[in-house]
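Heads up, the thing below is written out as structure tokens.
The values are calculated or read from the model by the stated rules, or taken from the named source; none is laboratory data. For clarity, every value in this text was computed on a predicted model and none was experimentally measured. A quick note on method: Cβ atoms are made from the backbone with ideal geometry, for glycine too, and the neighbour counts reach across all protein chains shown. Accessible surface areas use protein heavy atoms only, side chains included; no ligands, DNA or RNA. Shrake-Rupley method; radii C 1.70, N 1.55, O 1.52, S 1.80 Å.
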Amino acid sequence: MAARLPSSVLRSAVCRPSPSLRQSPAWLRSASLRASYSTEAPPSPLYAKIREDLKGAMRAKDTNRLTVLRAVMAATLNASKTDKPIKTDVQLVDLLRKMARKSQDAVAEFKAAGREDLIEKEEIQQKIIEEYTAQSSVKEVGKEEIEQLITKVAQELIAAGTTDAKALRGAVTARVMGKELKDAAVAVEKKEITQMIGEISQKLAESS
């Protein structure tokens, strides 16, 4: 009859991480252990690629790509602790676009300050961000498409009896921002869309 191992030994064998995991950075060990016991839905395709590419960047010691991908994962982790977690490629692409805009602003600031040493690094990281945005299957909604959508919605509301400019603007905003573009990857800032809604609503209300 085979000898029976003490329960403490069995618990140690089950709970102890593998040697390769113990040698990984603390944040990666934590993420790996969470993934082992997670019952959540699988990550979006783009996030899965980013997570896999992070491993490759670590092996290749690609500093710029590591910086970008770690920033994406950190932002995603932070979002998971809020009421607006990033669960889809659309949400992830929106995050990437915000990061790209911040990177563009940083480049402009560095140029104004004459920091050529920082400009090249920032531009490389910006291209990496845009690379992942382009690789996604998410279709971007551009300014022209948004204008057409606003016009269409406004015309439908006017035909239904909403002709007051202020009421029309509010109704168009509720439908466009709250429904039509809610889960879309939008290439235009929210502030600009709001301005477009106001201008188009005012013009159509006056001509109705």
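Below are the figures for this structure:
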quantity	calculated
Residues located in segment 76-92, provided they are open to solvent by 70 Å² or more (accessible area, probe 1.4 Å), in a loop (DSSP other than H, G, I, E, B) and free of Cβ contacts under 8 Å to residues at least 24 places away in the same chain	81, 82, 83, 84
Out of 59, 34, sole residue that is at pLDDT below 90 and either among the polar types (S, T, N, Q) or open to solvent by 80 Å² or more (accessible area, probe 1.4 Å) (or both)	34
Candidate set from segment 171-191 (those that are free of Cβ contacts under 8 Å to residues at least 12 places away in the same chain and not in a loop (DSSP other than H, G, I, E, B)); member that is least open to solvent (accessible area, probe 1.4 Å)	178
Residue, most open to solvent (accessible area, probe 1.4 Å), within segment 93-125, restricted to residues that are touching a helix residue (DSSP H, G or I) at 6+ places or on another chain (Cβ under 8 Å) and in contact (Cβ under 8 Å) with a residue 60 or more places away in the chain	124
Within segment 93-142, tally of residues that are in a helix (DSSP H, G or I) and touching an Asp or Glu at 6+ places or on another chain (Cβ under 7 Å)	5
Flag for residue 158 being touching a residue at least 12 places away in the same chain (Cβ under 8 Å), more than 30 Å from residue 198 (Cα to Cα) and not acidic (Asp, Glu)	no
